[in-house]
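Read through the structure below, which is laid out as structure tokens, and then see the notes.
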């Protein structure tokens, strides 16, 4: 319980805008990478396998941008689980700079879905018990 | 009052992911384009001018993804004002497909900032009266 | 013969980098949009259909960046055919600014491929006669 | 002499397209990261410093895409110097997959430029002797 999945990412030239700060859709790419790494490294569900027949689309996102991110800064990206439902999981996340200042924080809800063979039909599918047991350690318990 | 700023955008190959649906950070690029078009076309503050000394970074974003977007679909992107503060504006937005189904909807808060000449200092700055009068028609009044 | 496929595109905030000029991978996204529009509008092969069983991956690209592109500029993107092979097509392209200055120009070679049902196998496939006849008007003849 | 700058990068979900292979503008983002890392790690010119008064825009790019890149693959990105001019440098590059197959290869020419304080004027500027001596070890000598 209360485990936090953590990765570092350096802000690169491709992330920043005319004002010299991270363009916010690039922060969402960084968040997607974090979720992808969590699935691969902690949940043993690499996206390279998951997307043959399944997916985990994002259905809800809340994010507060607290501090500009600048090129060359190394961000610490943190992710944990706030709520685990039958076919969905709501994760909290926070990105911090090198001085532990919060750059952004928020919540993202992902849904486990099955994709039909012709890829035209997408419907939610319950997480397996094995998957739930791998997600459980990241749940926040007060 | 109650004016809605509206633009159309076609989902292109570059927007979609392995599952054949829009990768959600690309939806945020589409949202940024919508805000940029609103500033240029309705508020007479083109980003090409604004970014010499000012900026309007996004500080808060809430978004619900309701329906997958697929390549070739023409989205109607809508934006209006929910709250106009001294130096910030909270906009509601909705993207619809050709059958008026909601693809996504949410709220985004932008802050008007001044950028110092060396671009290292960013601080909030009140909207001018002229700017406020151009934003006003888009405010929602119940 | 000698037809040129032409589209306009405005440089947006998301295209530019810290130096205030288009980040060159964004120019390649604009080029991909141009090819996609050509396939849909002139060749009647919209990418929304093509990618169920086929693709047209880029195999060769040569590009010279002549002039910086700045936010707000409206580019005229031009594309024509330099060489039509059995399963490949080499297109010339040029992006111009509003004063007819060349922003960039180059050549891109695309290959028509068939994708196996499980999407693991990709192999080149000759263009149909119908497709060739639609491509032909864009061929440069000296 | 003959030193090769090498970095690894894993293909992520955000890199791939509907066909499940890397969308080629994303390969150019990977190439830009490689150049950025080379400047920071080998040439002691981090982009976080360089872009206050200078830049190194790409003026010429030739690239051959030999093999599709798929999600989860770890690419080895290699860069060396083919020609060092007064204010420009032409680099060769190659990305290989885990079996040493070439995924792509090509040449990119960068120009050292000075950017005026108001950022409206960009002109080429000779590399310093110190910079040239740091670039020299990466030159290919037959």
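Structural remarks
- Label spacing, shortest first and in nm, from residue A:132 to its equivalents in the remaining copies (7 angstrom along Cα→Cβ): 5.4, 6.0, 6.9
- Inter-centroid distance (Cα atoms) of region B:28-80 relative to region C:1-70, Å: 21 Å
- Once the Cβ-Cβ distance of residue A:100 and residue A:133 is raised to the sixth power relative to R0 = 25 Å, the FRET efficiency obtained is 0.20.
- Identity and axial distance of the chain A residue whose Cβ lies nearest the axis relating A to D, Å: A:29, 5
- For residue D:121, the label point sits 7 Å beyond Cα toward Cβ; its separations from the matching points on the remaining copies run 2.7, 6.2, 6.6 nm, from shortest to longest.
- Gaussian network model of chain C, springs between alpha carbon atoms under 10 Å - residue of C:121, C:60, C:97 with greatest fluctuation: C:121
- Pseudo-label separations to other copies for residue C:49 - Cα-to-Cβ vector, 7 Å, nm: 3.8, 4.5, 5.7
- Order of B:105, C:96, D:29 - criterion: other Cβ atoms within 10 Å of each residue's Cβ, fewest first: B:105, C:96, D:29
- Residue-averaged beta-carbon neighbours from other chains (10 angstrom radius) around B:58-67: 6
- Chain B - mean residue ellipticity at 222 nm from DSSP helices (-39,500 (n - 2.57) per run, n ≥ 4, rounded to 500): -6000 deg cm²/dmol
- Over region C:5-135, relative contact order from alpha-carbon pairs under 8 Å, at least 6 apart, %: 26 percent
- Nearest 10 degrees, 0 to 90: helix A:24-41 Cα axis against chain A principal axis: 50 degrees
- Top of D:40, D:98, D:73 by mean-square fluctuation, Gaussian network on chain D, Cα under 10 Å: D:98
- Note on the protein assembly as shown: Rg/Rh from C-alpha atoms, Kirkwood Rh, equals 0.95.
- Among A:120, A:101, A:112, the largest mean-square fluctuation in a Gaussian network model of chain A, built with springs joining Cα atoms closer than 10 Å, belongs to A:120.
- Averaged over the residues of peptide B:8-17, the number of Cβ atoms from other protein chains lying within 10 Å of each residue's Cβ is 6.
- Value of relative contact order over region A:1-63, rounded to a whole percent, pairs C-alpha under 8 Å and six or more apart: 17 percent
- Region A:5-135 - Rg (one decimal) and Dmax (whole number), Cα, Å: 15.8, 48
Rule-based calculations on the coordinates, nothing more; no lab input. Since we're looking at a predicted model, the values are computed, not measured. Positions of Cβ are generated from backbone atoms using ideal geometry, with glycine treated the same way; all protein chains shown enter the neighbour counts.
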